[in-house]
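Chemist: Dumping the structure here so I can ask a few things about it.
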Amino acid sequence: MVSSSFTTTTTAASRTITMIFLLFLFTPTLVTSECELLKYDTNLLEFPLNLEYFEAEYFLYGSIGKGLDSIEPNLAAGGPPPVGAKQANLSHIVKDIITQFAYQEIGHLRAIKKVVDGFARPLLNLSAESFATVMNDAFGKPLSPPFDPYANDINYLISCYVIPYVGLTGYVGANPKLQSPISRKLVAGLLGVESGQDAVIRSVLYERAKEKVVPYDISVAEFTNKISELRNKLGNTSLKDEGLKVPIDIGAEKKIQGNVLAGDKDSLAYGRSPREILRIVYGTGKEHVPGGFYPNGGNGALAKRYLKLGKN
């Protein structure tokens, strides 16, 4: 007769072996499934590199006068150096803030490339003339003298208002479409810091909202409103952009005109698709027609696909 203790031990051992077998059987499937999800997400994860390259280069050059090729050349992956970028004439505090942003963007590039292969830095036109064109388009007339983003604190901060917020809306738009927890975690982390950067830029500008931008008889708030109107127009969708001062029916709970942070009727962040983003950063209003800050268009599967469609 077999003892009860022997039977209990045998049963426990059998259960352990069964559990190990099941883990061995299903673990490869789980890993494969995760890899497939990441592959599905790749296009959405790599696309933001276009904006991250812009921000890294613009913040680096604006604050310390040199870019990725000097600081982290491997991240540029052999892409062409930006055109017209240079150090801005900044006060100590603004230079310090922008330098922090610059190194944060290096981290963002690295973080994305840890998850997807990504692509090389696209050709970027960061010249004063490129920003002057945006301002002329925003106001519907040439500003005289031409807007120079590198001239001083206010000009540089206004120029920083132009693109980084667009990247933020891209992360908001992409997040619901991502399948993998790894992808969503990455985008959430990127969105958190990008939102913080945008909040800092808007807050500093909001403090000086009523000031006139020299030599123009135009306030800081008017500049932001015109830039937001232009982005809404180029994006060719509903309202997804707001300046520092808004009509009260657009303000938070329809009770205030101050708009230090942009948000919808429930004060939630706006989201944009890659197509909308390309229309804005190209400055053409068309995702298949490059220009503006991206003379040759963006890199990556999505941007290349739209460019190809435009040639057909």
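Derivation of every value follows stated rules applied to the coordinates shown; laboratory data play no part. No experiment lies behind these values; they were computed from the predicted model shown. In this analysis, Cβ positions are derived from the backbone assuming ideal geometry, glycine residues included, and neighbour counts consider all displayed protein chains.
Chemist: Do the alpha carbons of any pairs in Lys240/Lys265; Lys226/Lys286; Lys177/Lys265; Lys95/Lys245; Lys226/Lys255; Lys86/Lys233 sit beyond 18 Å of each other, and which pairs?
Modeler: The pairs that break the limit, which is 18 Å between Cα atoms, are Lys226/Lys286; Lys177/Lys265; Lys95/Lys245; Lys226/Lys255; Lys86/Lys233.
Chemist: Moving on to the next point. With helices defined as uninterrupted DSSP H runs, which ones in the chain have an alpha carbon span along their own long axis of at least 20 Å and mean Kyte-Doolittle hydropathy of at least -0.5?
Modeler: Flagged H segments are 4-46, 49-64, 92-115, 181-207, 220-235.
Chemist: Per residue, what volume in Å³ does the Cα convex hull of the range 238-297 take up?
Modeler: 88 Å³
Chemist: Determine the calculated [θ] at 222 nm for the chain from helices alone, applying -39500 (n - 2.57) to every DSSP H run no shorter than 4 residues and normalising by the residue count; nearest 500 deg cm²/dmol.
Modeler: Helix-only estimate at 222 nm: -20000 deg cm²/dmol.
Chemist: Can I ask one more? Would you pull out the residues with amide H under 5 Å of Tyr294's amide H, same chain only if 5 or more places away, H placed 1.01 Å from N?
Modeler: Asn125
Chemist: Grab the alpha carbons of the chain, take their convex hull, and tell me the volume per residue in Å³.
Modeler: Taking only Cα atoms, the chain has a hull volume of 188 Å³ per residue.
Chemist: In Å³ and rounded to a whole number, note down the convex hull volume per residue for the Cα atoms of the range 42-122.
Modeler: Hull volume over Cα atoms, normalised by residue count, gives 74 Å³.
Chemist: A further question follows. Which whole-number percentage describes the relative contact order of the chain, with Cα contacts under 8 Å and a sequence gap of 6 or more?
Modeler: Relative contact order, the chain: 17 percent.
Chemist: Is the range 175-257 best put as rounded, prolate or oblate by its Cα gyration tensor, with a ≥ b ≥ c the root eigenvalues, rounded for a/c under 1.5, and otherwise prolate when a/b is larger than b/c, oblate when not?
Modeler: Taking the square roots of the gyration eigenvalues as a ≥ b ≥ c, the range 175-257 is prolate.
Chemist: Return the single residue from Ser159, Ser127, Ser70 with maximal mean-square fluctuation; model: Gaussian network over the chain, springs between Cα atoms under 10 Å.
Modeler: Ser70
Chemist: May I ask you to derive the FRET efficiency for Lys114 and Val83 from their Cβ-Cβ distance with R0 = 30 Å, giving the value to the nearest 0.05?
Modeler: Taking R0 as 30 Å, the efficiency between Lys114 and Val83 is 0.55.
Chemist: Among Arg305, Arg231, which comes first, then next, by fewest other beta-carbon atoms within 10 Å?
Modeler: Starting with the residue having the fewest Cβ neighbours, the order is Arg305, Arg231.
Chemist: Provide Rg and Dmax in Å for the range 170-312, with only Cα atoms included in the calculation.
Modeler: 16.9, 50
Chemist: Among Val260, Val213, rank each residue by its count of other Cβ atoms within 10 Å, from fewest to most, as a rough exposure measure.
Modeler: Going from sparsest to densest Cβ surroundings: Val260, Val213.
Chemist: May I pose another question? Report the dimensions of the range 35-176 along its three principal axes from the alpha-carbon atoms, largest first, rounded to Å.
Modeler: Result for the range 35-176: principal-axis Cα extents of 54, 33, 27 Å.
Chemist: Next question, about the same structure. Please report the Cα spread of the range 153-194 along all three principal axes, rounded to whole Å, starting with the longest.
Modeler: Rounded to whole Å, the extents work out to 40, 15, 8 Å.
Chemist: For the residues Glu52, Glu276, Glu211, what sequence is obtained by ranking on other C-beta atoms within 10 Å, fewest first?
Modeler: Listed from fewest to most nearby Cβ atoms, that is Glu211, Glu276, Glu52.
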